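Asks: Before we start, here is the structure in question, set down as structure tokens.
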Amino acid sequence: MKDFTYMPRITILPGPYEEERIRTLVTYCKKYRYDEVMFFVNAENLNDGHIEIKKLQPYIDTILRAKEALKAEGILTSLNPWNCLLGCERGISLKEGQNFDLMVDIDGNTGKATPCPLSEGWRNYFTEYYLYLIEKVRPEIIWIEDDFRMHNHYPLNWGGCFCDKHLALYADLIGHKVTAREMADGMADGREDNAYRKAYYSVTRKVMRDLAEEIGKSIHARFPEQKIGLMTSDPKMHSIEGRDWAGVLYGLSGQTVPIDRIHLPAYRQCCAQDYSWCFHDISMQTRALIPEETCVLPEIENAMFSPYTKSLNFTRFQAESALSLCPQGLTLDLDCFAGNGIVPEYGYGEKLADIKDYLISFSRLGLKFSSMRGITIPVREDAFLYATPQKELSDIRINENWWASQLASLGIAFHYDKAAEFKNRIVAVSGNYLDGLTDEQIKQLFADNYILLEGNGVKSLFHRGLNGLIGAKSFHELSNTCGAYSFEEASEGKRYLNIPGARASSYVTCPDFLNIEYSDTEKNIYTNMFGRLENVVGIGEVSVGNVFILPYLCEGKHHGLLTTMRAEILREALAKVEKDDLYLYTTLPYVTPYVYSDKNTDVLFLVNYSDDSHECVPVYGLREYRHPAILDRKNGRWRRVGLEKDGDKVVIPEPLFATASLTVRLIK
């Protein structure tokens, strides 16, 4: 693979336009600096379900003709069969002779064409299908789609599998028989000491890991060097079904490199600020969960194709900001799956070609994702087991990584970490993370680290009888619609927004508030909560010892918590913390700093997720450095730059444009 690979996903069909489509593809792959083409087989708009192998030859012949034309220009060919289990049936049913056991959903409904992953008939078919494609085309990579999963197989409700075979496996672990509906309800509400969740998690984890290994071994027995790529989706949904990230990726890859097409969460145009939230929640969490050595090829998708859906500039921005994942390239869904081939009319290719040198030079830094530094965000595969009980499975929410998107939005460097224990760190705890620890582990976590804690973590401490760790006696949960609280006001002697008595609204776009009563333990009260009649309701944001408490039940993006005043409060709380974690930040809204550190060099990668451009960038917390250099976005060349230092503040005298990035190399 080249230093940085552009890999479009393309559909070209046999027929009257075939030669023209191939010529256009080759011409514009060269012009756009595309390196490898992923050809769809049985593409979405033309999908025939589990296609009969005897019908493949015309499509293979077309792909082979395109492959030869591309090869002459040094461009590689990969294959992307559109379905594995089948993401969406859309009226499809099984063909004659396809004796597959079918997936059953939480209501006991059986799919028409979506197989159960335990089905021997489907497994044999799928292996034969892939071996046939590999033998005929010899692709660089053959891809398995993200329908390699249990959830989201429309029209099945939620997903599966709750067939008799699976129910028997669940029953063995639970200790008694269950129906599909009972299983789903038990997974939702955590009944019988979480037995239903544990059974589903354990069984599906093994089933999908074994399936990946079976596919990988079958392919590599005949084609030992064949690379197999996997598309993945939201890690929170994968947590419910027990995704063994290393087991699945290594099972598929065998002795080759594991490859993941990480989902970049914007099928259509959205504002860059909201994209930031979803990117750090989904894409970056996925990168943290997969093995370090995985070849990462994030996917930019534009559905339904054309600048009317997603602008050229936003597409360029997705490519540029994805560098924070330390990828080896990008896959590009920019041309309709129905058979247009590549469409120059859209103009995406020129925009991407313009920044290719920049992406290549960044990639040549050889950064490791695990070298990222900043405040620690704990992450684990089994978060589902500890999620708050709900009435319905579809209502399950996993928010253990909430602080990641919040810190990114506030311009504070962070990193994900899969470690089980932390020492001398700044650890941001959210959601039900504490519920997955023993009492002793929680005590150790709080004793050895500085903790950022939001309301759900506070509730977990009370539930475990460990509220003494934060000097709290009781709490009262207030709904954001009850009218009992209205705004936070800076406590006496505190000055924010450069005004006395500064206030921040807690109405509408803030979540439910925990009115916590504290003991006489020494604390630093930043704000008090007031009602609409300016009556004191309780204590707002506060530090108690080595814990900062944001007393809201945080779930997803709350615009009300992303305010200048609250950013200043958090920075004040962290200012005097002395831990091993790097505390680095910028005061520019939605400018996210990523710091990658090795023995000799730090790389500061700044991404502007806002519509505002900046003439220079103030950064706080940079350690000692020398020979600073900037990577030019126009030509991908390094040039020396003089940084302006003023105490803890360093000013980078370079413009940071809206929805763009800035890369700074610092020699230690």
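The values are calculated or read from the model by the stated rules, or taken from the named source; none is laboratory data. Small disclaimer: the values here were computed from a predicted structure and weren't measured. Cβ: placed from backbone, ideal geometry, glycine included. Neighbour counts: every protein chain shown. Accessible surface areas use protein heavy atoms only, side chains included; no ligands, DNA or RNA. Shrake-Rupley method; radii C 1.70, N 1.55, O 1.52, S 1.80 Å.
Asks: Check whether at least one residue in segment 154-165 is open to solvent by 70 Å² or more (accessible area, probe 1.4 Å) and touching a helix residue (DSSP H, G or I) at 6+ places or on another chain (Cβ under 9 Å), and report yes or no.
Replies: Checking segment 154-165: not a single residue is open to solvent by 70 Å² or more (accessible area, probe 1.4 Å) and touching a helix residue (DSSP H, G or I) at 6+ places or on another chain (Cβ under 9 Å).
Asks: Quick test for you: out of Ile355, Ile342, Ile290, pick the one residue that is among the hydrophobic types (A, V, I, L, M, F, W, C), within 30 Å of Ser430 (Cβ to Cβ) and touching an Asp or Glu at 6+ places or on another chain (Cβ under 8 Å).
Replies: Values: Ile355 fails: within 30 Å of Ser430 (Cβ to Cβ); Ile342 fails: within 30 Å of Ser430 (Cβ to Cβ).
From the options Ile355, Ile342, Ile290, the qualifying one is Ile290.
Asks: Next question, about the same structure. Limited to segment 491-509, what total is found for residues that are surrounded by fewer than 20 Cβ atoms within 10 Å (Cβ to Cβ) and aromatic (Phe, Trp, Tyr)?
Replies: Summing the residues that are surrounded by fewer than 20 Cβ atoms within 10 Å (Cβ to Cβ) and aromatic (Phe, Trp, Tyr) in segment 491-509 gives 1.
Rundown of residues vs (1) within 19 Å of Leu570 (Cβ to Cβ); (2) in a loop (DSSP other than H, G, I, E, B); (3) open to solvent by less than 20 Å² (accessible area, probe 1.4 Å); (4) basic (Lys, Arg), yes/no style:
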| residue | (1), (2), (3), (4) |
| --- | --- |
| Phe422 | no, yes, yes, no |
| Leu445 | no, no, yes, no |
| Leu452 | yes, no, yes, no |
| Val458 | yes, no, yes, no |
| Phe462 | no, no, no, no |
| Tyr485 | no, yes, yes, no |
| Glu489 | yes, no, no, no |
| Pro511 | yes, yes, yes, no |
| Asn515 | no, no, no, no |
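Asks: Report whether or not Tyr170 is buried (at least 17 other Cβ atoms within 10 Å of the Cβ) and over 27 Å from the mean Cα position of the chain (by Cα).
Replies: Considered against the rule, which asks whether it is buried (at least 17 other Cβ atoms within 10 Å of the Cβ) and over 27 Å from the mean Cα position of the chain (by Cα), Tyr170 comes out as yes.
Asks: What number of residues within segment 89-101 are in contact with a strand residue (DSSP E or B) (Cβ under 6 Å, 6 or more places away or on another chain) and either under 28 Å from Ala188 (Cα atoms) or of a type in the set (Ser, Thr, Tyr) (or both)?
Replies: So the answer is 2.
Asks: Would you mind listing the helices (runs of 4 or more DSSP H) fully within segment 309-416 where at least 3 residues are open to solvent by less than 10 Å² (accessible area, probe 1.4 Å), over 29 Å from Ala567 (Cα atoms) and at pLDDT below 95?
Replies: Details: elements: 312-321, 348-354, 356-363, 402-410.
So the answer is none; nothing clears 3.
Asks: Just checking, does segment 576-588 include any residue being within 30 Å of Phe279 (Cα to Cα) and not in a loop (DSSP other than H, G, I, E, B)?
Replies: yes
One line per residue, one yes/no per condition, for (1) under 23 Å from Arg316 (Cα atoms); (2) open to solvent by 10 Å² or more (accessible area, probe 1.4 Å); (3) assigned to a loop (DSSP other than H, G, I, E, B):
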{"site": "Pro8", "(1), (2), (3)": "yes, no, no"}
{"site": "Asn45", "(1), (2), (3)": "no, yes, no"}
{"site": "Pro58", "(1), (2), (3)": "no, yes, no"}
{"site": "Lys67", "(1), (2), (3)": "no, yes, no"}
{"site": "Gly74", "(1), (2), (3)": "no, yes, yes"}
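Asks: From the residues in segment 422-448 that are within 18 Å of Leu407 (Cα to Cα) and either at pLDDT below 95 or not β-branched (Val, Ile, Thr) (or both), which one is farthest from the chain's Cα centre (by Cα)?
Replies: Looking at the filtered set, the residue picked out is Arg425.
Asks: Restricting the search to segment 470-483, which residues are open to solvent by 70 Å² or more (accessible area, probe 1.4 Å) and among the polar types (S, T, N, Q)?
Replies: The one that is open to solvent by 70 Å² or more (accessible area, probe 1.4 Å) and among the polar types (S, T, N, Q): Thr481.
Asks: Out of (1) of a type outside the set (Val, Ile, Thr); (2) under 28 Å from Cys510 (Cα atoms); (3) assigned to a loop (DSSP other than H, G, I, E, B), what's the single condition that is false for Asn635?
Replies: All conditions pass for Asn635, except number (2).
Asks: Is it the case that some residue within segment 367-382 is of a type in the set (D, E, K, R), touching a Phe, Trp or Tyr at 6+ places or on another chain (Cβ under 9 Å) and over 28 Å from Ala188 (Cα atoms)? Show your work before the answer.
Replies: Looking only at segment 367-382, we keep the residues that are of a type in the set (D, E, K, R), and these are 368, 373, 380-382.
Keeping just the survivors that are touching a Phe, Trp or Tyr at 6+ places or on another chain (Cβ under 9 Å) gives 368, 373, 380-382.
This time we only want the ones that are over 28 Å from Ala188 (Cα atoms), so: 368, 373.
Yes, the conditions are met somewhere in segment 367-382.
Asks: Being touching a helix residue (DSSP H, G or I) at 6+ places or on another chain (Cβ under 7 Å) and free of Cβ contacts under 8 Å to residues at least 24 places away in the same chain narrows it down to one residue among Asn424, Asn432, Asn467; which is it?
Replies: On the way: Asn424 fails: free of Cβ contacts under 8 Å to residues at least 24 places away in the same chain; Asn432 fails: free of Cβ contacts under 8 Å to residues at least 24 places away in the same chain.
So the residue among Asn424, Asn432, Asn467 that is touching a helix residue (DSSP H, G or I) at 6+ places or on another chain (Cβ under 7 Å) and free of Cβ contacts under 8 Å to residues at least 24 places away in the same chain is Asn467.
Asks: Same structure again: I'm trying to understand the selection: among the residues of segment 491-509, which are polar (S, T, N, Q) and either over 20 Å from His558 (Cα atoms) or part of a loop (DSSP other than H, G, I, E, B) (or both)?
Replies: First, the residues of segment 491-509 that are polar (S, T, N, Q): 491, 498, 505-506, 509.
If the condition is that a residue be polar (S, T, N, Q) and either over 20 Å from His558 (Cα atoms) or part of a loop (DSSP other than H, G, I, E, B) (or both), then Ser491, Asn498, Ser506, Thr509 are the ones that fit.
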